[in-house]
Structure formats: C-alpha cells, structure tokens
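Please treat every number below as a calculation from the coordinates, not as lab data. Please read all numbers here as calculations on a predicted model, not as lab measurements. Note: ideal-geometry Cβ built from the backbone for every residue, glycine included; neighbour counts use all protein chains shown.
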Amino acid sequence: MAKNVCESVRGNRPCGNPVIPGSKYCNNHGGHAVIRSREKMEKRQYHIEKYNQELDARIKGFEEHSRLTSQIDELAILKALLDNVLSQCTQPIELLSHTPMIADLVQKVDKTVCNIHKMQKSMNMLLDKQVIAEMISAIIDVVTEEINDPKVVKIIQARLKDILARDE
C-alpha cells in the first residue's frame, strides 16, 4: 500500500484517500482525531509553558527582593510549584510518577502553614473565642447606639451570640 494513502479497507478495496499527516487514515476514517489530539496537546503545552513563564517571573520577582523571609511568600511559591506539577498531570500514570515530588511539596506546604500559625499565635495575631466575643460585644454596642428599637437590638444580639456559640 502507498505511504500517503488511507489504510482503511472497505470490502476488498482500500480507501485510496490521502492520509492526514501524522496518521494512517484519511479524514473520513478517523484521521481527524489525530489532528484534534495534536491540537489538544499543543494547547496543553502552550498553557504549561505560559504558566511556567509566569511562575518564573514571579520567582524572579521574589529573588529580586533583598529578603525572602516572609513565610507567606514562601507559602505562595510552594503552592504555585504544587499547582504547576499538578497541572502537568493529565493521566493517572503521570500523577503516579510525580507522587514523590507532590508529597514533598505538600509536606513543605504543611510545615510552612504550621510555622505561620505558630508565628501568628506568638504575636497574638490569631482570633480566639475571647477576641471574637469582645468584637461581638463592640458590634452590639454600636447597634444599640444606632437602632432605637430594643426588640430589634435583642434579636441582633441573640443572633450574634448564636453565631459565637456554633463553634463550641
């Protein structure tokens, strides 16, 4: 059979139509699927390259700063790297082959989040129940000053206290 002719056979006769480049078949016999698959792969590759360029620009921007000491910046970089790895995995086998890298990044994200939490806790930057209760009390004071209807104020007060009690 000629190299540029469709390999599909109907009855005893070959198709004879020209093949789609990169395929063994013509447009009528599935050669177009090769084109769609190729276009899909090129589009995926384009998005990956674009994302990598954006990621490289972001990382370079971080490197240009004199210090990269902010835990939140480190977390952003780790999340971007993890997102990049995950976006490259379109098949289960790719996900399986990237598992060690994904696990390492997830572990680093977890450690960074824990460090951020510890730092915020040591600096009294976390909202605990007492702080929220004080904020609700201040809100109720503002509502009481602005609304002259005691029934409405009591309803608002009860609803805010219910919200605070939900987490207990």
Once both label points are put 7 Å beyond Cα along the C-beta direction, the K151-A33 separation in nm becomes 7.1
Gyration tensor verdict on region 38-122 (Cα atoms; rounded if a/c is under 1.5, prolate if a/b is larger than b/c, oblate otherwise) = oblate
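Quick one: dipole size for the chain, taken about the Cα centre, charges +1 on Lys/Arg Cβ and -1 on Asp/Glu Cβ, in debye to the nearest 20. All intermediate terms of the calculation are to be shown ahead of the outcome.
Values: 24 positive and 23 negative charges, 243 e Å.
Magnitude of the dipole: close to 1160 debye.
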Under the span-like rule (Cα at least 18 Å along the axis, Kyte-Doolittle mean at least 0.0), DSSP H helices of the chain | 71-88, 129-146, 150-166
Distance in Å, no decimals, from the C-alpha centre of region 119-168 to the one of region 4-61 is 60
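I'm checking a number: the convex hull volume of the Cα atoms of the chain, normalised per residue, in Å³. What is it? Intermediate results must be reported in sequence, preceding the final value.
Details: hull volume 49.3 nm³, N = 168.
Considering the Cα atoms of the chain, their hull volume per residue is 293 Å³.
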What's the extension gain from K121 to K3 if we count 0.36 nm per residue and subtract their Cα-Cα distance?
-> 35.4 nm
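Assuming R0 = 41 Å, what is the FRET efficiency of N12 and S97, from their Cβ-Cβ distance, to the nearest 0.05?
Working: r = 46 Å, r/R0 = 1.11.
It comes to 0.35.
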